[in-house]
Structures are given as C-alpha cells and as structure tokens.
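Here's the structure we're looking at; comments come further down.
The values are calculated or read from the model by the stated rules, or taken from the named source; none is laboratory data. Remember, predicted model here, so these are calculated numbers, not experimental data. Every residue, glycine as well, gets a Cβ built from its backbone with ideal geometry; the counts of neighbours run over all protein chains shown.
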Amino acid sequence: MRPLSARSVVLSLLLGSHPPELPVRAIVDAGEMFEIAEPTLRVALTRMVAHGDLERTDRTYRLSTRLLDRQRRQDAALAAAGPWDGSWEMVVVTSTGRSAADRAGLRSTLSELRLAELREGTWLRPANLGRALPGWPTDLISTFSTTPAENPVELAGRLWDLSTWNRTGRGLLDDIAGARTAAERLTVAAALVRHLRTDPALPAELLPTDWIAPALQASYAAYQQELIASGLQVEVATG
C-alpha cells in the first residue's frame, strides 16, 4: 500500500473525530507521528481550506459542511446491523433519460445504503439495518418491502461476492499485524476502515461461518486503543 498523503492523514483523523475538529498543534503532532513533515502538513491544511475541505478558526481545523455529510454517511455505514425478520428492502429506479452523472450519483448513494443491484435498476438487501431510506421523488424511485421466493442464502451469494470480501479482509489483518511503523499502521488502518464500509452487514444466517468482519472490527478497536495510549486522542477513518 502507498503511504497516505498529508491530505489523507488529516482527513482520516478528522473524519474519525467526534466532534470533527482538532487543534492545530494536535494535527501537527499527528503529522510528525505519521512521518509527515510540519511544512508539508501546513501546506496541505492551507490548500484544504482553500478547496473547501476544512474550516479554520483561531486554534482549530474542522470539517466543512460538505465533509460533515460524508462523515455522517460513513458513520451510518459502520453502524451495526439489527435483527432480521426475513423481509427485504427493494428499490426500483423508475425514471429514464437521466444524465450519466446523475445515474452514477444514484448508484453511489444506493451502494452506500448497502443495497446491491440484482439487475439494471433493481436494488435490494435484507431489511436488517436500523436506518430509513431517503425520501426519493416517486417519479424517480419506488421502494418496496418484499420476501423473495429464492433461497435467501443463495440470493445473498448472487448479490455480494462474500468469499472475495473475506479474502481481502484476511489480507488486511495480516497487513496490520505485520506493519511496524506508525505510518504503515495508519495506512493499513485506513484501508481496513474502507473495507468495513463495504461490509454488506447481512444477517448472521446469510453469512459464511468464517465471516471475517468481527475480527476486522476488533483489530480496528485495538488500533484505536494504541492511538489513545500514544496520546493521540482521535480515531482513524478513511481520508
């Protein structure tokens, strides 16, 4: 993995912080810990303010409104799944003639909601997440609660490549165990969080018995404790 850039280090720290702001000195100290020279970090901070990524007060930097939305989506994506009654959410895209950018944006939104595409314009997942779907215009999307006739384990296997997800997760566990420097561990930790964001969060009865997500979550929690022990009172997210 390539080391994180100064911008990615800052975003990783602020996206994982609640509230999403840090004193200037804490950011500089974190940069040094992760092998980012202070002049490089300060240039990155200045550019991030200019580009609308950050807002600066006299003593702190905080995420801009745009990135606060991203943090909320990220937090929602990492939220734990709830109980499942066997029903599924289904979202059907009913509009046509939209621009490529609009179509791509909608696909990204549906993926962030952990829906998977069964066929063109038809997305679904088990209804086990404690979140409401957006209030889309009725001429754009129709939403349903349904119970497919297909075996749910087989359907989940068609919608998500669970074996590949597991294999990638095991590789990340090996990587974080083998990382030696603070910069290496931050890089792997950020990749680990990115991977957890793509966890389909399926009910346990639809998952392989060796599902690696709990081990990844435990590894991430252990890394957070390392940061706290080092005196860095922030979390790590994906920059």
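Restricting to segment 113-157, and then to whatever is aliphatic (A, V, I, L, M) and more than 20 Å from A204 (Cα to Cα), can you tell me which residue is modelled with the lowest pLDDT? Filtering segment 113-157 for residues that are aliphatic (A, V, I, L, M) and more than 20 Å from A204 (Cα to Cα), the one modelled with the lowest pLDDT comes out as A132. Counting only residues that are free of Cβ contacts under 8 Å to residues at least 24 places away in the same chain and either under 13 Å from V91 (Cα atoms) or in the same structural domain as L202 (by TED's automatic domain parsing) (or both), segment 107-116 holds 4 of them. Does any residue of segment 70-77 turn out to be assigned to a loop (DSSP other than H, G, I, E, B) and either loosely packed, with under 13 Cβ neighbours inside 10 Å or in contact with a strand residue (DSSP E or B) (Cβ under 9 Å, 6 or more places away or on another chain) (or both)? Looking through segment 70-77, none of the residues is assigned to a loop (DSSP other than H, G, I, E, B) and either loosely packed, with under 13 Cβ neighbours inside 10 Å or in contact with a strand residue (DSSP E or B) (Cβ under 9 Å, 6 or more places away or on another chain) (or both).
Considering segment 41-54, the residues that are surrounded by 13 or more Cβ atoms within 10 Å (Cβ to Cβ) and more than 22 Å from the chain's Cα centre (by Cα) include one that is farthest from P3 (Cα to Cα), namely V49. In the condition set (1) in the same structural domain as Q217 (by TED's automatic domain parsing); (2) crowded, with 17+ Cβ neighbours inside 10 Å; (3) at pLDDT 95 or above, A179 is compliant with all but (3). Filtered by the rule that a residue be of a type in the set (A, V, I, L, M, F, W, C) and either outside any loop (DSSP other than H, G, I, E, B) or exposed (fewer than 14 other Cβ atoms within 10 Å of the Cβ) (or both), segment 21-40 gives L22, V24, A26, I27, V28, A30, M33, A37.
Taking the conditions (1) under 23 Å from Q217 (Cα atoms); (2) at pLDDT 90 or above; (3) surrounded by fewer than 15 Cβ atoms within 10 Å (Cβ to Cβ) in turn, D85 satisfies each one other than (1). Applying a threshold of 9 Å to beta carbon distances and a minimum spacing of six or more residues, or different chains, the list of pairs starting in segment 43-56 at a residue that is at positive phi and ending at one that is basic (K, R) reads G52/R66.
If I filter segment 135-154 down to residues being part of a loop (DSSP other than H, G, I, E, B) and in contact (Cβ under 8 Å) with a residue 60 or more places away in the chain, which single residue comes out as surrounded by the fewest Cβ atoms within 10 Å (Cβ to Cβ)? That would be T147.
Just one residue in the set T57, T96 is within 25 Å of S12 (Cβ to Cβ) and loosely packed, with under 13 Cβ neighbours inside 10 Å; that residue is T57. Across segment 118-134, the number of residues qualifying as of a type outside the set (G, A, S), part of a loop (DSSP other than H, G, I, E, B) and either on the phi > 0 side of the Ramachandran plot or touching a residue at least 12 places away in the same chain (Cβ under 8 Å) (or both) comes to 5.
Candidates A81, A44, A101: the one that is aliphatic (A, V, I, L, M), within 30 Å of D161 (Cβ to Cβ) and assigned to a helix (DSSP H, G or I) is A101.
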